[in-house]
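Asks: Got a structure here, written out as structure tokens. Questions coming.
The values are calculated or read from the model by the stated rules, or taken from the named source; none is laboratory data. Everything quoted here is computed from the prediction, not taken from an experiment. Note: ideal-geometry Cβ built from the backbone for every residue, glycine included; neighbour counts use all protein chains shown. Ligands, DNA and RNA are stripped out before the accessible areas are found, and what is left, the full protein with its side chains, is counted by its heavy atoms. Shrake-Rupley method; radii C 1.70, N 1.55, O 1.52, S 1.80 Å.
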Amino acid sequence: MEFLRPDSWDEALAAKSALPGALPLAGGTDVMVALNAGRASPEALLDLSRLAELRTWEERGGTVRLGATVPYAAFTGRLGGLLPGLAMAARTVGSPQIRSRGSVGGNLGTASPAGDAHPPLLAAGAVVEAASVRGTRLIPAEEFYTGPKANALADDELIRAVRVPVARGPQLFAKTGTRNAMVIAVCSFALALDTRARAVRTGLGSAAPTPLRARRAEEFLTAVLHEEGLWDSGGPLPPSAVRRFAELAAAACRPVDDVRGTARYRAHAVGVLARRTLAWAWETHRRELRTRRCQSQAAGEPAAEGVRPCA
């Protein structure tokens, strides 16, 4: 097996073009496990650890561009405030040592249905930046996953970055596992409420052959929030709407039985996670709405009709 260690991004692309079977290596949290277990035998390893540009991130125009090897540990600071759903998922990944080496780009490359980064990327509307010697193309996250541990990258392409819109409202992530820490998800669920676009997005993990969105659940909840005027009023969600949202989320699953859980349990658990994350996200929205109203009233603006003045 050849070991390639390029000193620049151009060298990395050239190496991948010359040896399409070369397996990218950065943190190694998935790759080294597969190699040691004999589940992978690539013709070459392409070590990307020297490429500093892949370890940086920037926020511009309402979008965060995450370099492919930015570690999960980076989400403890300002980055986590910009992408709260992804930050919640990052904090559930493995141990501190794993979070210091593992990355969103690596999670995408592995494309495991149980990957923790996938649901919040789907819910946030992320786009994968794939590059080769032929140029760069952008792949929406929902089109990136093509099968169990399979993705839409061409043989000569590498993930350079992930573009994730900055949160414009509450974002939540939750997962179930056989224990509370250092665990592969039995199933996971992410929810994003965009209070500006008045839109709902979801992401499901370990609930189908690929990560996916619960589109019918999204459409249903979006319609309820519009029809009831809840985005502006901040009123409580109708219990019947919460139950239906959870049912539609569970119905979106296409799970299987495996050593971590049964298909029936996975579908049930996704419904529970959908209900809980919606309750948490909506309470966050209501709290932020009250805070903004009180600030406006403190600045001398009159309370809107039907809205109680702040004490």
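Asks: Taking the options Arg264, Arg293, name whichever one is more than 27 Å from Pro148 (Cβ to Cβ) and either assigned to a loop (DSSP other than H, G, I, E, B) or over 22 Å from the mean Cα position of the chain (by Cα) (or both).
Replies: Only one candidate passes the filter, namely Arg293.
Asks: Taking Val133 and the conditions (1) within 23 Å of Ser206 (Cβ to Cβ); (2) touching a residue at least 40 places away in the same chain (Cβ under 8 Å); (3) surrounded by fewer than 20 Cβ atoms within 10 Å (Cβ to Cβ), which numbered condition does it fall short on, given that it satisfies the others?
Replies: (1)
Asks: Of Leu51, Leu79, which residue is under 27 Å from Trp280 (Cα atoms) and open to solvent by less than 30 Å² (accessible area, probe 1.4 Å)?
Replies: So the residue among Leu51, Leu79 that is under 27 Å from Trp280 (Cα atoms) and open to solvent by less than 30 Å² (accessible area, probe 1.4 Å) is Leu79.
Asks: Please return the ranges of helices (runs of 4 or more DSSP H) entirely within segment 139-244 where 3 or more residues are open to solvent by less than 20 Å² (accessible area, probe 1.4 Å).
Replies: The helices (runs of 4 or more DSSP H) meeting that bar are 215-227.
Asks: Anything in segment 84-98 that is part of a helix (DSSP H, G or I) and over 15 Å from the mean Cα position of the chain (by Cα)? List them, or say none.
Replies: Hits for segment 84-98 are Pro96, Gln97, Ile98.
Asks: Among the residues of segment 32-48, are any open to solvent by less than 50 Å² (accessible area, probe 1.4 Å), β-branched (Val, Ile, Thr) and either over 22 Å from Ile139 (Cα atoms) or in contact with a strand residue (DSSP E or B) (Cβ under 7 Å, 6 or more places away or on another chain) (or both)?
Replies: Among the residues of segment 32-48, not one is open to solvent by less than 50 Å² (accessible area, probe 1.4 Å), β-branched (Val, Ile, Thr) and either over 22 Å from Ile139 (Cα atoms) or in contact with a strand residue (DSSP E or B) (Cβ under 7 Å, 6 or more places away or on another chain) (or both), which makes the answer no.
Asks: Given (1) basic (Lys, Arg); (2) in contact with a helix residue (DSSP H, G or I) (Cβ under 6 Å, 6 or more places away or on another chain); (3) surrounded by fewer than 16 Cβ atoms within 10 Å (Cβ to Cβ), identify the lone condition not met by Arg99.
Replies: (3)
Asks: Moving to a separate point now. Just wondering, is there one or more residues in segment 256-265 that are closer than 27 Å to Pro165 by Cα and either of a type in the set (Lys, Arg) or modelled with pLDDT under 95 (or both)?
Replies: The answer is no, given that none of the residues of segment 256-265 is closer than 27 Å to Pro165 by Cα and either of a type in the set (Lys, Arg) or modelled with pLDDT under 95 (or both).
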